[in-house]
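Asker: One structure, as structure tokens, below. Some questions next.
The values are calculated or read from the model by the stated rules, or taken from the named source; none is laboratory data. Keep in mind the model is a prediction, meaning the values are calculated, not measured. Don't worry about glycine lacking a Cβ; one is built from the backbone with ideal geometry, like all the others, and counts go over all protein chains shown.
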Amino acid sequence: NPTAEKFEYQAEVSRLMDLIVHSLYSNKEVFLRELVSNASDALDKLRFLSVTEPELLRDAVDLDIRIQSDKDNGIITITDSGIGMTRQELVDCLGTIAQSGTAKFLKALKDSKDVGSDSNLIGQFGVGFYSAFLVSDRVVVSTKSVKSDKQYVWEGEANNSSYTIREETDPEKLLQRGTRLTLYLKREDKDFAHPERIQNLVKNYSQFVCFPIYTWQEKGFTKEVEVDEDPAEAKKEGDDAKTEKKKKTKTVVERYWDWELTNETKPLWLRNPKDVTTEEYNEFYKKTFNEYLEPLACSHFTTEGEVEFRSILFVPAMTPMGRDDIINPKTRNIRLYVKRVFISDDFDGELFPRYLSFVKGVVDSNDLPLNVSREILQESRIVRIMRKRLVRKTFDMILGISMSENRDDYDKFWENFGKNLKLGCIEDKENHKRIAPLLRFFSSQSEQELISLDEYVENMKPEQKDIYYIAADNLTSAKNTPFLERLLEKDYEVLFLVEPIDEVAIQNLKSYKEKNFVDISKEDLDLGDKNEDREKEMKQEYGKTCDWIKKRLGDKVASVQISNRLSTSPCVLVSGKFGWSANMERLMKAQTL
Ligand code: ADP
Ligand code: MG
């Protein structure tokens with residue numbers, strides 16, 4: 001075209017395009033997310049402007065995004081009816097790196113030593129418009145700004161440091177307003193133009209963009225048509241059939257192409273929780289997370305003020321099939337959206353602590369940049385605040401299950417995720433107050449049903465100061481330990497810690513409602529009933545026996561003492577005050593073997 005003007009890219013853009021073209025990126029498919037999000041931004045901008053300038057919308061074109069693909073020729077067109085670009089904007093926006101996200105990406109590339117292999121960088125950052133060149137040899141942008149009467153065409157090629165801009169002259173290509181991107185796919189990427197592939201990508205990445213996204217899809221309907229019967233067939237059927245003039249019907253499939261709405265325009269989390277039914281939440285949960293069981297609990301909330309985000313969280317009814325590792329932070333359980341554009345579900349403890357990685361849900365933030373990276377997530381103050389709120393909401397949700405009239409619900413929860421909460425005692429001191437009331441244990445007075453610490457405290461004797469526990473391999477050995485004797489005599493309840501993690505969890509908690517946890521197998525157990533005269537007497541009577549036993553056992557024991565802790569057993573092995581309990585000793589042995 002003789003009227004096309006040639007431009008050189010800003011140096012950084014050239015470098016970026018070079019990298020895109022010459023590096024093998026595993027997740028090229030993010031190009032569609034980037035381009036759709038640009039289209040959505042353009043529509044957002046127009047919608048915003050039209051609030052004060054309603055005449056901008058006078059050409060009553062709907063605000064939408066349309067994606068058409070031609071798989072035979074490997075062409076994809078993405079058309080939006082948004083704000084469009086002027087000639088100058090084409091130069092500024094598509095020829096230079098104005099936006100900070102792409103600049104950050106370049107910096108990250110520079111910092112990362114092994115550029116070629118770090119194929120995830122693009123997925124994390126997004127490189128905006130230029131990601132079109134991940135899959136295209138040539139990109140044509142035809143655009144008409146609401147501020148201009150003319151439509152311009154920007155054209156760029158991979159492997160070329162210049163691009164051209166000309167005026168659109170083909171009357172068939174004129175737009176009322178907005179932008180049409182035409183991607184001429186690289187030979188090896190032509191598959192992206194398959195309508196079904198496009199549909200899946202839109203569903204996956206842009207499902208909840210606020211504007212309708214239509215994709216051009218082949219459809220079919222069946223219809224019955226009458227056909228004359230083959231005369232030879234009729235003859236075969238014999239005399240009875242001969243008299244009727246036979247017509248046969250045949251089912252044929254009629255094929256045609258049409259626009260199909262491919263996204264849900266109003267995401268569930270944007271709706272008012274009052275207007276959403278439990279069924280809708282359950283449906284959303286099952287659809288989004290491929291679950292077949294309904295969740296145990298759900299929490300839908302909006303936070304405002306310092307940080308603004310919306311979220312729906314779920315507690316699943318069971319752990320994933322076949323796995324019993326309690327901490328698997330890479331569960332893809334949390335889907336992060338920024339302004340309704342899906343960003344990532346690949347987190348490693350940024351939004352939830354590891355021990356709560358079983359929680360599923362969506363989080364939609366207005367405060368994070370669209371091209372938020374793992375790095376940004378880890379350092380962001382906004383994310384830290386979000387995390388705090390999400391964790392709090394999660395505890396509220398679990399507390400809700402524990403207070404449910406249906407006791408089964410919490411039993412189910414505890415069976416699946418009790419270990420996670422115990423891990424929380426160890427890893428999250430800040431939330432001890434929230435975790436402790438949710439813990440459950442068996443006890444000397446409740447061997448069949450788990451009790452809460454609140455139930456324990458309520459059942460304490462008036463003079464009892466501490467919460468007693470014994471750690472053991474299982475309920476039977478806990479029940480039969482001689483350490484229990486005196487406590488049972490006094491009718492004190494003792495918690496049975498029978499899971500390996502229990503003891504460490506309790507030791508981390510240290511106390512509950514200002515009552516210390518006390519291990520009844522430790523040396524200095526004081527039940528507050530010392531009788532010094534009697535102890536003196538005993539010492540005189542049995543002191544020599546103790547010395548003799550100590551001599552015989554030598555280094556196998558630290559000391560042999562007279563104790564008032566037993567009522568029927570003659571003797572017991574106890575742990576030193578600062579030593580490991582017998583149970584811990586067993587655990588440590590098991591670990592070092
Ligand atoms: P970002 O979207 O982060 O600003 P991009 O590289 O994705 O960066 O896009 C660069 C700029 O190009 C955008 O900021 C916008 O001004 C312009 N642009 C891209 N696509 C469109 C579009 N479909 N309609 C209008 N402007 C667009
Ligand atoms: Mg963009």
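Asker: From the list GLU535, GLU541, GLU514, GLU523, which residue is exposed (fewer than 12 other Cβ atoms within 10 Å of the Cβ) and over 24 Å from ASN459 (Cα atoms)?
Answerer: Details: GLU535 fails: exposed (fewer than 12 other Cβ atoms within 10 Å of the Cβ); GLU514 fails: over 24 Å from ASN459 (Cα atoms); GLU523 fails: exposed (fewer than 12 other Cβ atoms within 10 Å of the Cβ).
None of the others qualify; the one that does is GLU541.
Asker: So if I check each of GLU449, GLU499, GLU430, which one is within 29 Å of the chain's Cα centre (by Cα) and not in a helix (DSSP H, G or I)?
Answerer: Working: GLU449 fails: within 29 Å of the chain's Cα centre (by Cα); GLU430 fails: not in a helix (DSSP H, G or I).
None of the others qualify; the one that does is GLU499.
Asker: Determine whether PHE413 is closer than 27 Å to PRO500 by Cα, at pLDDT 95 or above and in contact with a helix residue (DSSP H, G or I) (Cβ under 9 Å, 6 or more places away or on another chain). Lay out the reasoning, then the answer.
Answerer: Details: closer than 27 Å to PRO500 by Cα: yes; at pLDDT 95 or above: yes; in contact with a helix residue (DSSP H, G or I) (Cβ under 9 Å, 6 or more places away or on another chain): yes.
Yes.
Asker: Which of the residues belonging to the stretch 453-483 are surrounded by 22 or more Cβ atoms within 10 Å (Cβ to Cβ) and in a helix (DSSP H, G or I)?
Answerer: Residues satisfying the conditions are TYR456, ALA478.
Asker: Somewhere in the stretch 146-165, is a residue within 16 Å of ligand 2 (Cβ to nearest atom), touching a strand residue (DSSP E or B) at 6+ places or on another chain (Cβ under 9 Å), among the aliphatic types (A, V, I, L, M) and modelled with pLDDT under 95?
Answerer: Checked against the condition, which is being within 16 Å of ligand 2 (Cβ to nearest atom), touching a strand residue (DSSP E or B) at 6+ places or on another chain (Cβ under 9 Å), among the aliphatic types (A, V, I, L, M) and modelled with pLDDT under 95, the stretch 146-165 yields no hits at all.
Asker: Mind listing whichever residues of the stretch 136-174 are among the aliphatic types (A, V, I, L, M), more than 40 Å from the chain's Cα centre (by Cα) and within 23 Å of ASN73 (Cα to Cα)? Lay out the reasoning, then the answer.
Answerer: Applying the first criterion (among the aliphatic types (A, V, I, L, M)) to the stretch 136-174 yields 139-141, 146, 153, 158, 165, 174.
Pick out the ones that are also more than 40 Å from the chain's Cα centre (by Cα) and you get 153, 165, 174.
Selection gives VAL153, LEU174.
Asker: Please enumerate the residues belonging to the stretch 135-167 that are polar (S, T, N, Q) and more than 13 Å from ligand 1 (Cβ to nearest atom).
Answerer: Scanning the stretch 135-167 gives SER136, ASN159, ASN160, SER161, SER162, THR164.
Asker: Right, something else. Considering ASP18, ASP44, ASP59, ASP80, which residue is among the acidic types (Asp, Glu) and at pLDDT 90 or above?
Answerer: Testing whether each residue is among the acidic types (Asp, Glu) and at pLDDT 90 or above leaves just ASP80.
Asker: Related question: Considering only residues that are within 13 Å of ligand 1 (Cβ to nearest atom) and surrounded by fewer than 18 Cβ atoms within 10 Å (Cβ to Cβ), which ones fall in the stretch 49-72?
Answerer: LEU49
Asker: Got a number for residues in the stretch 73-88 being under 18 Å from TYR152 (Cα atoms) and either acidic (Asp, Glu) or surrounded by 14 or more Cβ atoms within 10 Å (Cβ to Cβ) (or both)?
Answerer: Step one: of the stretch 73-88, the residues under 18 Å from TYR152 (Cα atoms) are 77-88.
From what is left, the residues that are either acidic (Asp, Glu) or surrounded by 14 or more Cβ atoms within 10 Å (Cβ to Cβ) (or both) are 77-87.
Residues flagged as under 18 Å from TYR152 (Cα atoms) and either acidic (Asp, Glu) or surrounded by 14 or more Cβ atoms within 10 Å (Cβ to Cβ) (or both) within the stretch 73-88 amount to 11.
Asker: Also: Checking ALA103 against (1) modelled with pLDDT under 80; (2) more than 16 Å from ligand 2 (Cβ to nearest atom); (3) loosely packed, with under 15 Cβ neighbours inside 10 Å, which single condition isn't satisfied?
Answerer: In the conditions (1) modelled with pLDDT under 80; (2) more than 16 Å from ligand 2 (Cβ to nearest atom); (3) loosely packed, with under 15 Cβ neighbours inside 10 Å, ALA103 misses (2) alone.
Asker: Could you run through the stretch 150-165 and say how many residues are within 14 Å of GLN88 (Cα to Cα) and among the aliphatic types (A, V, I, L, M)?
Answerer: 2
Asker: While we're looking at this one, here's another question. So, of the residues in the stretch 225-253 that are modelled with pLDDT of 65 or more and acidic (Asp, Glu), which turns out to be nearest to the chain's Cα centre (by Cα)?
Answerer: Once the filter is applied, the top-ranked residue is GLU226.
Asker: Name the residue, out of TYR214, TYR256, that is surrounded by 13 or more Cβ atoms within 10 Å (Cβ to Cβ), modelled with pLDDT of 75 or more and touching a Lys or Arg at 6+ places or on another chain (Cβ under 9 Å). Explain how you work it out, then say what you get.
Answerer: Values: TYR256 fails: surrounded by 13 or more Cβ atoms within 10 Å (Cβ to Cβ).
Of TYR214, TYR256, the one residue that is surrounded by 13 or more Cβ atoms within 10 Å (Cβ to Cβ), modelled with pLDDT of 75 or more and touching a Lys or Arg at 6+ places or on another chain (Cβ under 9 Å) is TYR214.
Asker: For GLN540, state whether it is over 26 Å from LEU421 (Cβ atoms) and either out of contact with any helix residue (DSSP H, G or I) (no Cβ under 8 Å at 6 or more places or on another chain) or among the aliphatic types (A, V, I, L, M) (or both). It would help to see each step written out before you state the result.
Answerer: Values: over 26 Å from LEU421 (Cβ atoms): yes; either out of contact with any helix residue (DSSP H, G or I) (no Cβ under 8 Å at 6 or more places or on another chain) or among the aliphatic types (A, V, I, L, M) (or both): yes.
When the stated conditions are applied, GLN540 passes them.
Asker: Consider LEU368 against the criteria (1) within 16 Å of ligand 2 (Cβ to nearest atom); (2) closer than 30 Å to GLU489 by Cβ: it satisfies all of them except one. Which criterion is unmet?
Answerer: Here LEU368 meets the rest and fails (2).
Asker: Any residue in the stretch 211-226 that's farther than 22 Å from PHE342 by Cα: show its pairings with residues that are basic (Lys, Arg) and at pLDDT below 95 at Cβ separation under 8 Å, as long as the two are six or more apart or on different chains.
Answerer: GLU218/ARG255; LYS219/ARG255; GLY220/ARG255; GLU224/LYS250; VAL225/LYS250; GLU226/LYS247; GLU226/LYS248; GLU226/LYS250
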